[in-house]
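Right, one structure below, let's go through it.
Read the figures in this text as sums done on the coordinates, not as results from a lab. Predicted model only: the values in this text are computed from it and were never measured. Ideal geometry is used to build each Cβ from the backbone, glycine not excepted, and the neighbour counts take in all protein chains shown.
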Amino acid sequence: MNLQGVERLAVERGNVLGLAGTLVPSELVDGTLELLADAPRPLKTRDRVRVHAGTSEIMARVLLVDRQELAPGESTFARFRLEGALVGLPGDRFVIRSYSPMVTIGGGTLLDIAPPRFKRKAPALVAHLNLLREDSPEAVVEEHVRHAGGGGVRVAALSGRVPFGPERLRGLLETLQSGGRIVAIDRDWFVHRESLGRLRDLAVAALEQFHRASPLRPGMSREELRGRAGAPDERVFAHLLAALQNDGVARADRDKVRLASHEVRLSAEQQKAADRLEQEFLTAAAAPPSPEEALARAGQSGDEEHELFQVLIEARKLVRVKESLYFHAQALDAIQDKLVAMLRERKEIGPGDIKDLLGISRKYAIPLLEFFDSRRVTARVGERRVLRGA
């Protein structure tokens with residue numbers, strides 16, 4: 001093998017050559033372990049040993065899965081906490097030697113070179129390792145996708161954890177997908193159906209809890225829901241959300257998500273308060289009160305997070321112009337009409353012109369000009385505004 005641009009001293013004993021992304025260096029591996037019948041003494045869990053795999057020699061602590069001590073001639077599953085990174089594949093054989101004196105005492109077969117986190121003596125770990133040792137290639141691939149959880153696993157990462165090549169792996173993934181046992185997030189990214197089911201349950205439960213706590217809110221923010229559903233990758237969450245909508249379970253509107261069955265219903269008293277609140281902004285027109293002032297006049301207390309205030313925002317009756325400054329949508333439409341008419345007549349205006357036009361202070365004039373800039377109604381030229389596109 002001719003490696004261009006690699007210095008001889010950069011290549012160390014135990015290095016493995018492979019395609020980028022297809023091998024997984026790991027400092028934690030699981031496998032079978034058999035202690036030789038003529039081993040000088042039993043092997044205890046947490047004993048320090050030398051692991052020889054390929055041309056590598058790495059010190060490790062051996063953790064026996066189902067016992068504290070392994071007698072000569074016995075075998076079990078074991079986890080090795082390595083003191084350096086090992087590159088190997090499931091099915092690779094290894095030998096262990098005692099730390100001192102340095103004699104061969106046993107060996108085994110690698111089963112998992114990037115094992116999921118289990119309690120060492122958990123029955124689930126034994127079941128997992130038994131499956132990897134004895135079951136079909138299809139079941140082995142499914143097991144790895146299952147244990148990847150809600151984040152799923154990419155084909156490149158999976159290829160370093162199974163004892164067969166990429167073409168066969170791709171075929172097994174397609175078989176699992178067609179059988180409905182795994183779901184493709186994209187061509188090279190898969191999540192187990194059970195993992196998506198758990199994410200789905202978390203998302204639905206979070207929405208149900210949100211609607212119980214805030215019945216007047218139309219929905220939960222998309223990002224909050226993602227966090228409450230276990231914070232899966234954005235693309236996994238997008239797939240989940242699309243499935244919930246396709247199944248008629250949830251609805252998404254802009255950045256809000258709600259259960260399809262949820263409707264905001266105001267009591268007669270709440271509707272009366274909401275109408276009074278809306279009227280405060282309609283009457284004030286171009287010089288609206290603060291959220292706190294408007295709520296107080298409507299017989300409520302609170303700020304813009306008040307549920308009735310949020311009802312008007314979600315209904316698009318109130319529009320946020322800047323922090324803590326809201327205008328009624330009808331008032332903004334009327335202001336825009338006046339502003340456009342003035343600009344068509346004068347070609348350009350400044351803050352003083354809009355103050356005179358609307359009879360308002362600079363407190364409202366500047367935010368309004370910046371708002372219409374952001375809506376691409378006007379364009380700023382120095383300290384003046386012109387009609388965009390004119």
Checklist entry - So, in Å, what gap is there between the alpha-carbon centers of the stretch 197-272 and the stretch 353-373? => result 38 Å
Checklist entry - What list of ³J(HN,Hα) values in whole Hz, one per residue of the stretch 322-334 in order, does the Karplus curve 6.51 cos²θ - 1.76 cosθ + 1.60 (θ = phi - 60°) give from phi, with Gly and Pro shown as x? => result 7, 4, 6, 10, 10, 10, 5, 4, 5, 5, 5, 4, 5
Checklist entry - Taking a label point 7 Å from the Cα of Ala260 along the Cα→Cβ vector, which residues of the stretch 184-202 have an amide N closer than 20 Å to it? => result 196-202
Next on the checklist: Taking the number of other C-beta atoms within 10 Å as the exposure measure, put Met59, Met102, Met220 in order starting with the fewest.
Outcome noted: Met102, Met59, Met220
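Suppose a student asked you for the relative contact order of the stretch 209-363, using Cα pairs under 8 Å spaced at least 6 residues apart; what percent would you report?
RCO, the stretch 209-363: 18 percent.
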Checklist entry - Which of the aspartates and glutamates could a cross-linker span from Lys338 if the Cα-Cα distance has to be under 20 Å and same-chain partners fewer than 8 positions apart are dropped? => result Glu348, Asp353, Asp356, Glu370, Asp373, Glu383
Checklist entry - Sorted from fewest to most neighbouring beta carbons within 10 Å, what does the list Asp255, Asp233 look like? => result Asp255, Asp233
Item to check | In the stretch 114-211, trypsin sites (Lys or Arg not before Pro) in a DSSP loop with at most 15 other beta-carbon atoms within 10 Å | outcome: Arg117, Lys119, Arg120, Lys121, Arg187
Next on the checklist: What's the longest uninterrupted piece of the chain once you rule out the GluC sites (Glu not before Pro) that are loop residues per DSSP with at most 15 other Cβ within 10 Å?
Outcome noted: 13-262
Checklist entry - Size of the dipole of the chain about the Cα centre, Lys and Arg at +1 and Asp and Glu at -1 on the beta carbon, nothing else charged, in debye to 20? => result 420 debye
Checklist entry - How high is the relative contact order of the chain, in percent, counting Cα pairs under 8 Å that sit 6 or more residues apart? => result 9 percent
Item to check | Loop trypsin sites (Lys or Arg not before Pro), the stretch 325-357 (other Cβ atoms within 10 Å of the site Cβ: 14 or fewer; DSSP) | outcome: Lys347
Checklist outcome for this item: Among Lys256/Lys355; Lys317/Lys363; Lys272/Lys355, the pairs whose Cα-Cα distance exceeds 24 Å are Lys256/Lys355; Lys272/Lys355
